[in-house]
Amino acid sequence: MTERLRRWLLLLVFLPVLAWTAEIDIAAPQIVAGDDGYVLSADFTFELNQRLEEAVTKGVVLYFVADFELSRPRWYWLDEKLLSRSQTYRLSYHALTRQYRLSTGALHQSFSSLSDALRMLARMRNWVVIDKNDKTIKAGEPYQAALRLRLDITQLPRPFQISALGNKEWSLASDWKTWQLSLPAVLPAEVK
């Protein structure tokens, strides 16, 4: 009897941890020097559940937001947040063309299947997160970077926002992925 009770108690202890694990995993985030400044690349691993797939196919636009933060560690106080950037990806389906569209800003790309669109969303490449003219960031100094990707339910149509509140089927997000880095020097642009 005591062994069985102990198993149930262990299950109750670890159940909340299993229930709140992130649905999106972040792999290989890196920042490198580019022409316009420092660019971020990362890979995400996730799947849409049946409810989200059905919503996209029926014409509901899903908004995914990538958030990036850069801070400088301080020994005497809280870390100093130097910058914060966000980029929104818009995933939609167009019934006339039978194409899925992934958009960010004015750029968009069409795909014949949802899995192809999600594969592109899962590969973030060349996002300029630090402008080359930013004077607060210095090469060679230690920084802490943080990245996350989440489904933004606040941009859904109102009826979906109401049903999404507290509903696990509409929840899709990663935990903050943090890592230490020292930025390489930005190469000066060619003089023409």
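The values are calculated or read from the model by the stated rules, or taken from the named source; none is laboratory data. If you're wondering where the values come from, they're calculated on a predicted model, not measured in any experiment. FYI the Cβ positions are ideal-geometry reconstructions off the backbone, even for glycines, and counts take in every protein chain you see. Only protein heavy atoms, including side chains, enter the accessible area calculation; ligands, DNA and RNA are left aside. Shrake-Rupley method; radii C 1.70, N 1.55, O 1.52, S 1.80 Å.
Between the beta carbons of residue 74 and residue 36, assuming R0 = 25 Å, the FRET efficiency works out to 0.30 to the nearest 0.05. Maximal additional length on extending the residue 126-residue 104 stretch stands at 6.6 nm, based on 0.36 nm per residue less the C-alpha distance. Taking 0.36 nm per residue of separation and subtracting the Cα-Cα distance, full extension of the segment from residue 28 to residue 60 would add 8.4 nm. A simple spin-label model places the labels of residue 144 and residue 114 3.8 nm from each other, with each point 7 Å out along Cα-to-Cβ. Solvent-accessible surface of protein heavy atoms, probed at 1.4 angstrom with all chains present, puts 35, 79, 152 in the order 35, 79, 152, largest first. Each residue, residue 50 and residue 90, gets one label point 7 Å from its Cα in the Cβ direction; the gap between the two is 3.0 nm. In the context of the full set of protein chains, residues of segment 24-150 present 56 Å² of accessible surface per residue (probe radius 1.4 Å, heavy atoms only). The 3J(HN,Hα) values that the Karplus relation (6.51, -1.76, 1.60; θ = phi - 60°) gives for segment 128-143 are, in residue order, 6, 9, 10, 5, 5, 8, 6, 7, 7, 9, 10, 5, x, 7, x, 9 Hz. Gly and Pro appear as x.
Straight-line cross-link partners of residue 168 among the lysines, defined as a Cα under 28 Å from its Cα and at least 8 positions apart when in the same chain: 58, 177.
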